[in-house]
1. Compute the angle between helix 377-393 and the longest alpha-carbon principal axis of the chain, please, reported from 0 to 90 degrees and rounded to the nearest 10.
2. If you line up the Cα atoms of segment 248-303 on their principal axes, what length do they span on each, largest first, in Å?
3. Computed over the Cα atoms, what is the radius of gyration of the chain divided by 2.2 N^0.38 Å, N being its residue count?
4. As a check on your grasp of the helix formula, calculate [θ] at 222 nm for the chain: sum -39500 (n - 2.57) over DSSP H runs of n ≥ 4, divide by the residue count, round to the nearest 500.
5. For segment 232-372, list log₁₀ I(q)/I(0) at each q in 0.20 Å⁻¹, using the Debye formula over Cα point scatterers of equal strength and ignoring solvent, two decimals each.
6. Please calculate how many Å² of accessible area segment 48-171 carries per residue, with a 1.4 Å probe and no DNA, RNA or ligand atoms counted.
7. Rounded to two decimals, what is the ratio between the C-alpha radius of gyration of segment 67-209 and 2.2 N^0.38 Å?
8. Over 24 Å, how big is the tail of the calculated P(r) for segment 123-276, in percent of all Cα pairs?
Amino acid sequence: MQRDMDVEKAPRLRKWAGRFAGSLARGAETALLRFPVAALCVVAITVLGNLSIADIDIPDPQNLVWLIAALYGAAAASIAATLVGETRGAGRPTQRLAALVAAVIAGAAVYFCGRADNHLPALTSALTLAIPLAPYVGRGGPLRFWTFTLWSAVGAALAFLSVLLFMLGLSAILEMIRFLFEMGLSSTAYEHIYATAFALVGPLFAMGRLPREFDERVGTGEDRLIGGVRLLIDWVATPLALATAVILHLYAAKIALTATMPKNEIGWIVTFDALLVLSLRIAAEPFLRNGALPARLFGRLWAIMLLVPLALASLGIFMRISSEGVSIERYYVALAILAAFLVVAVQLIPKLAGDIRVMAAIPLVLLGLSAFGPWGASGLTGRSQVARIVEEFGARVPGTESIAVRPAAGRSQAAQARLRSRLYELAGADRLGDLVPYLDPEVGDRLDMALNSEPERAIAVVTDALGADVSAWTHARPRGFAAFKPGEVDLAGYDRAALHRIATPNEADAADEADGMAFRLDGGALVATLGETSDRFDLGDAIKTLPPELFSAVARQVTPPALDLRAEDGRHLRLSIRRLAQSDEGDINFLEFDAFYRSAEWR
């Protein structure tokens, strides 16, 4: 009987696998025929991903991510262009040409128009979300757009879910073979399989599931999926949105009655609330007229209930920008507030009021524009932070009209923290280069070199040069110093070096030390361990011999001091100290250094 059941089960599994493979094949074929430019971009992404897994990065590790993102943006733009051509009745050659032009423009915009933290998510998100909107710009209607967006999202979700389930099942089978027969694929082979599945098969399948019908209007009661969406909106989403609006209005009343300023996080809270309200307004379009009471109430009040929270958030973000300047985060809070205000304002125009296509288009356009140009997040952040740095920390160069930002030993801890914060805001916006004209020529050259060859080191170069990183680090401790000026160390009598060591009182840090000699701090002693041998060196008395002015000097103007230590057993160490910090009690709690020792003494 069991054998009969197994026999029956096998054909069913083969049949299911055959249907799944056939569905994938049909989806891939549809994608290749309907969206050839996008399909080629997806293939290129897959090839680049698999080459990277094989440790072949094209063009190089630094630019690979941007190249893949550019190909993704090109694919999204070509799909949108193709859909526009289909809705306008354009011929196949015209559609292909439009898709190619859109792909080239979008890909170039992603790859060449900036490397700020916001650039990729802003531009690629805008291009992706524009796909269902593009066919309905200037044609169709809100319900047709809603229906197309719903089935596009469902098709994409099912495509990737199908691939995920298939890959999980395949992985289970392969691991079972490995366990039972002691043979299987390597971890690298698994990486190639998963990369190909999610970079190639999933996207092609998702493109194949995009609807071909652009005038479909789904009835609100004739489909189980639509009924489930309606139930979710009527009794879950809209009541939550209404409750959130009540809470925010009560907070606004508290602000007015107590005459206090909004909390710092109010901008983000209102931003997420506005996103929830606008997304829900678009999602609830077919159900607002004949929905449950919460849905009908939301449909009437959604624009009005945004006004007070948006005014509150505007006040909060204005105060933050006035005191601290523009940053990437503050820019997008302000952009979200602007987008919500524009959507609400559009409701005053009779022809556009209630059109969910306009509600979706306004944030998408602003999001796309934020990725580049002088009005973008990176440009505004750069100008704002550079102006504040020059105003607060710049000084006129004697005998000239130019202003330079230079290190200063007398800056307060708060001032150094502000300088460090502004430098990191510039780094996040990819605008450190804007500071070059206000730096000393030697520092500017080093920053330019770092930006061109090692961008990840650029922030360290400028913070070290201006004393921002070191001073903030030093002032965070009661007493300490840093010394980063290049120098030399006399190695007479020493034949081994332990480079770039950091010692703290934490034994776990010593356990994670690099190969060779490890170090940890124990009160006023430095404990050195090599293999099974450990010894203690009195460090506190040696530190007392250092000149007092060392502890207030600018790091770039001081060479690392050398200290000779001797243990009770006669072993010797020579330290070249780059950073040191002491606690209130005088104990050394951080030491960064190079150590030199005699290998014969540790045998």
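1. 30
2. Between the extreme Cα coordinates on each principal axis of segment 248-303 lie 42, 20, 13 Å.
3. Dividing the Cα radius of gyration by 2.2 N^0.38 Å gives 1.25.
4. Value at 222 nm, helices only: -19500 deg cm²/dmol.
5. Those come out to -1.22, one per q.
6. For segment 48-171, the solvent-accessible area averages 44 Å² per residue.
7. Against the compact-globule rule of thumb, the ratio is 1.30.
8. 61
The values are calculated or read from the model by the stated rules, or taken from the named source; none is laboratory data. This is a predicted model, so every value here is computed, not measured. Side chains included, ligands, DNA and RNA excluded: accessible areas come from the protein's heavy atoms. Shrake-Rupley method; radii C 1.70, N 1.55, O 1.52, S 1.80 Å.
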